[in-house]
Every structure is written in C-alpha cells, then in structure tokens.
Amino acid sequence: MRTLVLIHSLFVTFLFCLCTSTLTAQFKIVGYSYTSGDANAIDWSKITHLNLAFENPDINGNLSFNTNNASFVTKAKANHVKVLVSICGGGSSLDATMRARYFTLIDDNHRASFVSKIVQYLNDHDLDGIDLDLEGPAINGDYGKFVADLKQSLPAGKLMTAALSHLNNGDMVASETVQLFDFLNIMAYDSTGPWNPSAPGQHASYEFAVTSLNWWVTHKGLQKEKAILGVPFYGYGFGADANEGVSYAQILTRFGSEAQNRDASGNTIYYNGVPTITKKTQYVIDEGYGGIMIWQLAQDRPTSDSKSLLRNIYNTVYTPTRVAESIDDAFTVFPNPMESVVSIRVHDRYFNGAQFSIADTTGRIFPSVQKSIDQWDVSALPAGMYVLKLTKGARSVVKKVVKR
C-alpha cells in the first residue's frame, strides 16, 4: 500500500511539473554602468539586467562599441544576466550636434537603415537588447515611428527598453509607443539639481517616486509589471556644498557611516540613504511594480559592505520579512470558493516567480489561462474541490479551494 501511495505521489508531482505556469514576473534589478567601467567590480549575483551606457552612432548610423564592453558581455552571460546597450543618454540628448544626428537617422528617409544596423549590432556583439535613452529635447515627432519599426525588426528574444521621465518630455511619448517596450526605466530623480540653484532640495524623494510610477500607469496605460522605478546612487549639492553630482560612496567617505541613514548631509547634499532606498523598494514590491533601476552601479559601496544600496535593494527583494510558517502565510487565494477567475497574492517573497498549478483531489491536472500577472481564468473547471500548488526550487506550498 505504501508503494502505491508513493507512486501516486510521484505521478502527481510529475504532472505538476508538466502543467505549471509562471505566477509572477521576475522582479528586475536593472543596473547601468558606463562602458569605461570595471566588469569585475559588479556583483552580478544581485542584478538581473545590465545597461551599458552609452554608445552613439556616427553620421551613417554605425554605433560605436567600446572594446571594454566585451568583458561586460562575457561576465553577464556567465552569470545569466541580460546585457543591453543603452544609446544616446542625457549628455548626448543635450548636445545639439548629436541630437540633430539622431533626428536625421530616425526620420522617414533614414530610419530603415538605422534600424537594420542596430539589429545587426546586437547580433554581432551578442547583446540581449537595446535601451533607448533619448531624453528631453531628443524626443521628437519621429520617436514613436522609430520605436515601432525597431520593435518590429528585432529578433525574437531581443529586448527593447527605454529610460524616460514624465518631467523631461516623456509626456510627449504616445501611449501606443509606451506599450511597445518590454519594460520602462522610469527616471524618478533629477527633479531639481545644479541647473536650478534657486530650487535646492531633494531631487529623488519617496513621494516623487510614487508620483512617477503612478503617472506612467495612469496617463500612459503602462502595465505595472513593466514599470521599473529608477533610483539614484548619487546626490546633488546646493549652497556651500554645491556640486554637479557626487556619488553615494563619496558621501559616506566624507560624512561617515551615519550618512547612510540620512537623505541629506553637509550644507547641503541631497541623496537617498539606505532607509529611503529600502522604502522605495518595498513600495515597488507591495504595489506589484516590475522592479528597480539604478543609476549607476559604480557610485555604490561594495556589496560586501552592509551600507551598500544595491545590497539593501537585493535583501529587501529576496529576503522575506518573515518566514512563512503555514500555508496561509505563504499565499492567499481569493475568492474561495472561486467561480470564473481566481487571484493569488504571494506573501512570502521566496515564492515570487514560483510556478502555479491546479489539480483535483485525485491528482488530475487542469489547464488554466493566465489573465494577468496574478489572475487565472478557471471558468472551464467543473465544480468541486481543487488543490493549488506553488513551487519554487526545493520548496512548495499547497492550498485547497472550492469551485462553484
């Protein structure tokens, strides 16, 4: 009898493995790095995507390629991190010559050639995609057509993302264009800075982060799971400490360890310390947004240091606030009894990205259609008792539900 029970259990487990679907999208931790940076200095275990900043085209549309990029690509591939090239950037967007070059390359007469060269570039350099960092005045009437043509031309599996701010001409980007990106890096920083000395203060407040995320979802219809919150690893100074930007690591060196717990130091440098970075990350998790973007990785302390902002982001995402001690602690199913649609809310963050499956009490697996990131269509299921199962790695949890 024990043998029969064991065989039945193994069979059910096998079926669960065959008939699962992803519960939640991967939480993204996107880091930018200058192409001149050091690939060995990056803690690859704590990011999911790396954007190489920046490469730009010549007048014929041929993108530059820093020879140092090869080391980033090799490291990224070895660590299962997606690596993208980021083009343009804030500085080039403000440069009249480079901006005019982009306008020519994406106009109706040159766009097809430029798109073709980008696709070839990604293939030639084994890159996973492209990040469009055309900002402010570099966004013109041809931007949407360029995005649409590039999206259509990219091979399957190649990513197309963008970095945008609704305060810096992002509002000019049409909703239908926004939907074409695999995800959007929302620059929720630089609301003030050295260009505006009459408005000293925090350039990347928690409130500005919340407003920025909500703006893209509300005004442009961006799906929450595609909204990636940008956070700064740098600060701006005003008054006696006026500067063009200073890294978080430099701030700690100058003002000591306690500076990690503040958002302002000196007279006066405004930045994000550990509590604010952690609070922003937790908000993204709690509200179901897609992840965190960092500008930029080299401005942090090493992740071996508890004061590292990246380390604290990672720990917030992947270290549960508590260990689930029961099935109810791990996830919630509602409504229960269910009718046509069932929703699942994960509480133990270990199970973010877990596999979901549904079976009756005999172990028979039933197909379900995923409607959204946390909802499934179960209208085709007969009435009765079912078992929902979440599986990730060596851990799994189950919950009984009723279908009316």
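The set of residues from the range 35-71 being in a helix (DSSP H, G or I) and either within 24 Å of Ser116 (Cα to Cα) or touching a Pro at 6+ places or on another chain (Cβ under 9 Å) (or both) comprises Ala41, Asn69, Ala70.
Scanning the range 208-232 for residues that are of a type in the set (A, V, I, L, M) and buried (at least 20 other Cβ atoms within 10 Å of the Cβ) yields Ala209, Leu213, Leu222, Ala227, Ile228, Leu229, Val231. Restricting attention to the range 65-107, the residues being of a type in the set (Lys, Arg), at pLDDT 95 or above and closer than 14 Å to Leu127 by Cα number 2. Of the residues making up the range 80-118, those that are surrounded by fewer than 16 Cβ atoms within 10 Å (Cβ to Cβ) and over 19 Å from Asp142 (Cα atoms) are His80, Gly91.
For (1) free of Cβ contacts under 8 Å to residues at least 40 places away in the same chain; (2) more than 23 Å from Thr278 (Cβ to Cβ), each residue gets a yes or a no:
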residue: Pro194; (1), (2): no, yes
residue: Phe208; (1), (2): yes, no
residue: His219; (1), (2): no, yes
residue: Glu225; (1), (2): no, no
residue: Gly230; (1), (2): no, no
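Scanning the range 183-207 for residues that are buried (at least 17 other Cβ atoms within 10 Å of the Cβ) and within 20 Å of the chain's Cα centre (by Cα) turns up Phe183, Leu184, Asn185, Ile186, Met187, Ala188, Tyr189, Asp190, Ala204, Ser205, Tyr206. Val284 falls short on exactly one of the conditions (1) within 22 Å of His49 (Cα to Cα); (2) at pLDDT 95 or above; (3) buried (at least 21 other Cβ atoms within 10 Å of the Cβ), and that condition is (2). Among all residues of the range 261-272, there is none that is in contact (Cβ under 8 Å) with a residue 12 or more places away in the chain, assigned to a helix (DSSP H, G or I) and touching a strand residue (DSSP E or B) at 6+ places or on another chain (Cβ under 7 Å). Apart from one condition, Glu225 fits all of (1) part of a helix (DSSP H, G or I); (2) farther than 26 Å from Leu127 by Cβ; (3) not small (Gly, Ala, Ser); the exception is (2).
The values are calculated or read from the model by the stated rules, or taken from the named source; none is laboratory data. As the structure is a prediction and not an experimental result, all values here were calculated from the model. Cβ sites come from the backbone with ideal geometry, for glycine too, and all protein chains shown count toward neighbours.
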